[in-house]
């Protein structure tokens, strides 16, 4: 921008027969040299110019050029023109040109731009002149008296030092999103978007929030703070906060974005429902059976919670003294256990599983099944089964020597064998001797007594499974005969006696 003084000046230019005085008034007017054109010859137009405020175009802000006739006729209209030019690269404001007219002038026209008061002062309110802009002003008048006269112009303007200052109004908005429902112990991701929806830059923005009791930060904390920084007008940034679903129920997470100059925006609370699966397992099956029979169990696994049981798994341990036979629903026997991979079990869902075992020994044992799932507490179901045995006794009798000469002795061996899986109790043996023999002696696990031809042995309490008891009876043949030695066996488990007969030939 050109430098120029701010003081006004007073300049007078002689315009041949007509003189014009142009004045720029300030508190201390100074007279300066005038850059003016020479008067035109004869009655031609005369133009004079003045550069304000220094008189030099190189250092002035405004140039005023006035063109008037050299001579005018009495009572005839004439025109003169004033051109105003901005000599700077800056805008000039409130430019006003005042022209004092002689009393003998009658103004006939000049357009809407000019106003002439009763004091014969013409006023052009030019207004704003942009850099290097020119404006042409016109006036039509009539001289009502002969003689010479002068018109004097005064120009004023404002040159303002302007600073462009922007008024800004940044506004933070914070929105959040998250899962509506999760399973306990799941990882929960909450996403927040911080946006500057106003004008100008939002400075020093931070995002702060807190987790409710049912959600915990991955570091175990209950609050979080993230540095956002400066947000330009219209800019937005996304953030993800990770937490862990710790407790069952509905929980609300709150967050607020803060910025310099008391900027703040609170997000709508995010409600996260934490669901939890809850398993229940029930077991039914064979409570008592005999050795050799199959043992069948049924397992019912139910999700009684309000969340999906993921990766549900059931394992049933095969007890000692039993062996695996089969399983339903794809159960697999591995390392002494029957295993079922169920997968997902919806709330209220259930699965029924079956397993068949075989007992290898008599006795009682406990079978235990265990159900697990992600985010669910494991549960177990036990069951006691009693495996019983059955006695299976046989009786045998043989003579050790046959045929037997009359007068010689014959020996009979009586054997009671338990081929079952349980002890035979209250075992009693009775022998009926042939009529042609005489009792000599007996031996065995119990004493005997003879009444007539009936030889009875005292009962024994039991014979274990797989064991046997043996008695010997010695008789002497008294006469020749095809004799029969008869044995009768009773036990606590037999509904009727077992009988066995041995034939012996006695001869002379």
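Tabulated data
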read-out	value
Residue 102 vs. criteria more than 60 Å from the chain's Cα centre (by Cα), outside any strand (DSSP E or B) and closer than 17 Å to residue 69 by Cα	yes
Residue within the stretch 441-455 that is outside the structural domain of residue 362 (by TED's automatic domain parsing), touching a strand residue (DSSP E or B) at 6+ places or on another chain (Cβ under 7 Å), surrounded by 15 or more Cβ atoms within 10 Å (Cβ to Cβ) and closer than 30 Å to residue 363 by Cβ present	yes
Some residue of the stretch 85-96 being closer than 24 Å to residue 44 by Cα and at pLDDT 90 or above	yes
Members of the stretch 56-72 found to be touching a residue at least 24 places away in the same chain (Cβ under 8 Å), assigned to a loop (DSSP other than H, G, I, E, B) and surrounded by fewer than 19 Cβ atoms within 10 Å (Cβ to Cβ), listed by number	70, 71
Failed item in (1) in contact (Cβ under 8 Å) with a residue 60 or more places away in the chain; (2) part of a loop (DSSP other than H, G, I, E, B), with residue 506 passing the rest	(2)
Residue check for residue 118: in contact with a strand residue (DSSP E or B) (Cβ under 9 Å, 6 or more places away or on another chain) and either crowded, with 18+ Cβ neighbours inside 10 Å or at negative phi (or both)	no
Some residue of the stretch 276-284 being in contact with a strand residue (DSSP E or B) (Cβ under 8 Å, 6 or more places away or on another chain), within 30 Å of residue 421 (Cα to Cα), surrounded by 15 or more Cβ atoms within 10 Å (Cβ to Cβ) and at pLDDT 95 or above	yes
In the stretch 297-306, the residues that are modelled with pLDDT of 95 or more and surrounded by fewer than 19 Cβ atoms within 10 Å (Cβ to Cβ)	298, 300, 304
Residue list for the stretch 225-245, restricted to those being in a strand (DSSP E or B) and farther than 21 Å from residue 273 by Cβ	225, 226, 227, 228, 229, 230, 231, 236, 237, 238, 239
Contacts under 6 angstrom Cβ, first residue in the stretch 247-270 being on the phi > 0 side of the Ramachandran plot and in the same structural domain as residue 204 (by TED's automatic domain parsing), partner assigned to a loop (DSSP other than H, G, I, E, B) and surrounded by 14 or more Cβ atoms within 10 Å (Cβ to Cβ), 6 or more apart	249/214
Criterion (surrounded by 15 or more Cβ atoms within 10 Å (Cβ to Cβ), within 30 Å of residue 52 (Cα to Cα), touching a residue at least 40 places away in the same chain (Cβ under 8 Å) and more than 13 Å from the chain's Cα centre (by Cα)) met by exactly one of 142, 205, 194	142
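The values are calculated or read from the model by the stated rules, or taken from the named source; none is laboratory data. Since we're looking at a predicted model, the values are computed, not measured. In this analysis, Cβ positions are derived from the backbone assuming ideal geometry, glycine residues included, and neighbour counts consider all displayed protein chains.
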